[in-house]
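Following: one structure in structure tokens, then a few remarks.
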Amino acid sequence: MSFLSATLSRVKPSPTVAMTAKAAELKAAGRDIIGLSAGEPDFDTPQNIKDAAVAAIAAGKTKYTAPDGIIELKQAVCAKMKRDHGLEYTPAQVSVGTGGKQTLYNAFMATLNPGDEVIIPAPYWVSYPDMVLLAGGTPVVVETSLDTRFKLTAEQLESAITPNTKWFIFNSPSNPTGAGYSRAELKALTDVLMRHPHVWVMTDDMYEHLAYDGFEFCTPAQVEPGLYPRTLTCNGVSKAYAMTGWRIGYAAGPVELITAMRKVQSQSTSNPCTISQWAAVEALNGTQEFLAPNAELFKRRRDLVISMLNAVDGIDCPTPEGAFYVYPSIAGLIGKTTPAGTLIDSDETFCTALLEEADVAVVFGAAFGLSPNFRVSYAASDAALTEACTRIQRFCASLV
Ligand SMILES: Cc1ncc(COP(=O)(O)O)c(C=O)c1O
């Protein structure tokens, strides 16, 4: 019998991390690899946030805190929820964790029993199904399609709900597609959920501030106040404030759930880094003036990448509303062969060949539960994006 747990055998390591590691390995071996596989902004944490961290260290704020965060950060989260979404929360309804990842994981650990189902629209962020499996639940994956620009329809949600459904996980703008639901599209989903009072909503709003072309971000409890008592609104500072390494995420929801999540965290990691928490207080309470110029910069990059990819015969790339990803289809390239003789029979072989033969790292769609596609992260310089897309164009043109 294996020394390792049976639960772990059902889980796979993160494919995005694996692709980024493979690209780093080739780079270390001297190859000129352009990596578009990592999901983090390429710019630095704003100075006012760094200063707040330095000030926290100087003031000796370096000890343990309450397991799920300092009151000042919970208050800042409450203020943000009110300011941006008109939602009222008290600090007792807020949990702060080591990245958005931990708060999502805590919520699953705190609530899932064997047999409990979690509806996950595909393509999905790679961690959702594996977190559900680790917590002992059953992922119910519902595939979307290019026709709806990767958005779940009300009919699809309705037919996925069973008496065992515990959570519906919602992510807009989405990793990996960038798709953002309009208020009307979201309302169609919340109307379905109102008819099923046993289903809770976990909304992952991590890319809230990365939205373009006047897209109006909205979150489920704001669109349908009737869902407030069964919604966990998850967010974090990683993407909008370029703070991926600081590891601060947060969630707001019913007190009973937040208390249960605190119990999980208190017996695993305890508090997230104290210094990072003070930095996050500044991120949420301090100036927000860099958000709009950053979004403008990302929008320009999105447009650059989409126009270059859509120029390729065999690639179809819709224009998403937000995040810093695009999710082109390579349906038109399946069945072709690379110059080195590899038959492109899946998005995984396409991405592996692209890395090995054209020195560009992207992530294959199967990792996100919808093929044949690949994810490009355009959180990279204009020069790197132009060169990478030129290589992709050249590589695709070389297929026979
Ligand atoms: C959709 C989504 N949710 C959550 C996270 C986790 O963010 P964090 O780095 O704060 O743990 C990510 C990170 O890639 C993400 O893309």
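The values are calculated or read from the model by the stated rules, or taken from the named source; none is laboratory data. From a predicted model like this one, the values you see are computed outputs, not experimental measurements. Backbone-built Cβ (ideal geometry, glycine too); neighbour counts: all protein chains shown. Areas reflect the complete protein model, heavy atoms only, side chains present, ligands, DNA and RNA absent. Shrake-Rupley method; radii C 1.70, N 1.55, O 1.52, S 1.80 Å.
For the stretch 105-184, would you read off the P(r) tail past 17 Å as a percentage of all alpha carbon pairs? The share of Cα pairs beyond 17 Å in the stretch 105-184 comes to 44 percent.
For the stretch 1-89, the Kirkwood hydrodynamic radius comes to 18.4 Å, computed from all pairs of different C-alpha atoms. DSSP bridge analysis restricted to the chain gives an antiparallel fraction near 45%, rounded to the nearest 5.
Across the options Y325, A184, M202, the greatest Cα extent toward the positive end of the charge dipole of the chain (unit charges at beta carbon of Lys, Arg, Asp, Glu) belongs to M202. Given axes a ≥ b ≥ c from the Cα gyration tensor, I'd like to know whether the stretch 206-284 is rounded (a/c under 1.5), prolate (a/b larger than b/c) or oblate. It is oblate, given that a/c is not under 1.5 and a/b is not larger than b/c.
Close amide H contacts of L232 (hydrogens built in the peptide plane, cut-off under 5 Å, sequence separation of 5 or more or a different chain): V201, M202, T203. Explain nothing, just the number: relative contact order of the stretch 63-285, from Cα pairs under 8 Å at least 6 residues apart, as a whole percent. With pairs under 8 Å counted, the relative contact order is 29 percent.
Need one number: convex hull volume per residue for the chain, Cα atoms only, in Å³. Considering the Cα atoms of the chain, their hull volume per residue is 155 Å³. Per the 1.4 Å probe, what fraction of the accessible area of the stretch 293-400, in percent, lies on carbon and sulfur atoms? It is 54 percent, rounded to a whole number. Shape annotation for the stretch 181-339: C-alpha extents along the principal axes are 55, 43, 34 Å, from largest to smallest.
Among W278, W167, the order of accessible area from largest down is W278, W167, computed with a 1.4 Å probe on protein heavy atoms. Debye-formula intensities of the stretch 325-400, expressed as log10 I(q)/I(0) at q = 0.17, 0.21, 0.24 Å⁻¹, are -0.59, -0.90, -1.15 (one equal scatterer per alpha-carbon, no solvent). Per residue, the chain exposes an accessible area of 39 Å² to a 1.4 Å probe, with every protein chain left in place.
3J(HN,Hα) along the stretch 7-18: 4, 5, 5, 7, 10, 10, x, 4, x, 5, 5, 5 Hz, from the Karplus curve 6.51 cos²θ - 1.76 cosθ + 1.60 with θ = phi - 60°, whole Hz, x for Gly and Pro. Could you work out the Rg to Rh ratio of the stretch 261-400, with Rh taken as the Kirkwood radius (inverse of the mean 1/r over all Cα pairs)? Ratio of gyration radius to Kirkwood radius: 1.12. Ellipticity at 222 nm from helices only: DSSP H runs of n ≥ 4 in the chain, each -39500 (n - 2.57), divided by the residue count, give -12500 deg cm²/dmol.
Note on the stretch 275-343: Rg/Rh from Cα positions, Kirkwood definition for Rh, rounded to two decimals, is 1.24. Taking only protein heavy atoms and a 1.4 Å probe, the accessible area of the stretch 150-242 is 57% carbon and sulfur. Here, the stretch 85-145 is characterised by an Rg to Rh ratio of 1.04, where Rg is the alpha-carbon radius of gyration and Rh the Kirkwood radius. Computed over the chain, relative contact order equals 22 percent, with contacts defined as Cα pairs under 8 Å that lie 6+ residues apart.
Charges at C-beta only: +1 for Lys and Arg, -1 for Asp and Glu. How large is the resulting dipole of the chain about its Cα centre, in Debye rounded to 20?
Dipole of the chain, to the nearest 20 debye: 920 debye.
Any chance you could check the Cα centroid distance between the stretch 1-76 and the stretch 78-149 for me, in angstrom? Computed from Cα coordinates, the inter-centre distance equals 18 Å.
When the chain is described by a simple charge dipole with +1 on each Lys and Arg Cβ and -1 on each Asp and Glu Cβ, the residue from A66, L26, A367 located farthest towards its positive end is A66. Which lysines, if any, have their Cα less than 30 Å from the Cα of K263, not counting same-chain residues under 8 positions apart? K263 reaches K12, K61, K63, K74, K80, K82, K101, K166, K239. Separation of the stretch 378-393 from the stretch 312-371 is 15 Å, based on Cα centroids. For the stretch 210-218, the Karplus equation 6.51 cos²θ - 1.76 cosθ + 1.60, evaluated at θ = phi - 60°, returns couplings of 9, 9, 10, 6, x, 4, 9, 5, 9 Hz by residue, with Gly and Pro reported as x. Here the stretch 16-65 is treated as an ellipsoid with the same Cα gyration tensor; its semi-axes, largest first and in whole Å, are 35, 13, 11. Rounded to the nearest Hz, the phi-derived 3J(HN,Hα) couplings of the stretch 280-292 under the Karplus curve 6.51 cos²θ - 1.76 cosθ + 1.60 (θ = phi - 60°) are 5, 4, 5, 4, 7, 8, x, 4, 10, 6, 7, 4, 5, where x marks glycine and proline.
Annotation: amide H of L87 within the under-5 Å range of K82, sequence separation 5 or more or interchain, hydrogens built in the peptide plane. Hydrodynamic estimate: the Kirkwood radius of the stretch 63-285 over Cα pairs, inserted into Stokes-Einstein at 25 °C and 0.890 mPa s, corresponds to D of 141 µm²/s.
Kirkwood-type hydrodynamic radius, the stretch 1-157: 19.8 Å, calculated from all non-identical alpha-carbon pairs. Between L291 and R31, the contour length at 0.36 nm per residue exceeds the alpha carbon distance by 90.1 nm. Using R0 = 60 Å, the C-beta based FRET efficiency linking E72 and D313 works out to 0.60.
If you take every DSSP beta bridge fully contained in the stretch 63-285, what fraction is antiparallel? Give it as a percent rounded to 5.
On the way: 8 of 26 bridges.
Antiparallel bridges make up about 30 percent of those DSSP assigns within the stretch 63-285.
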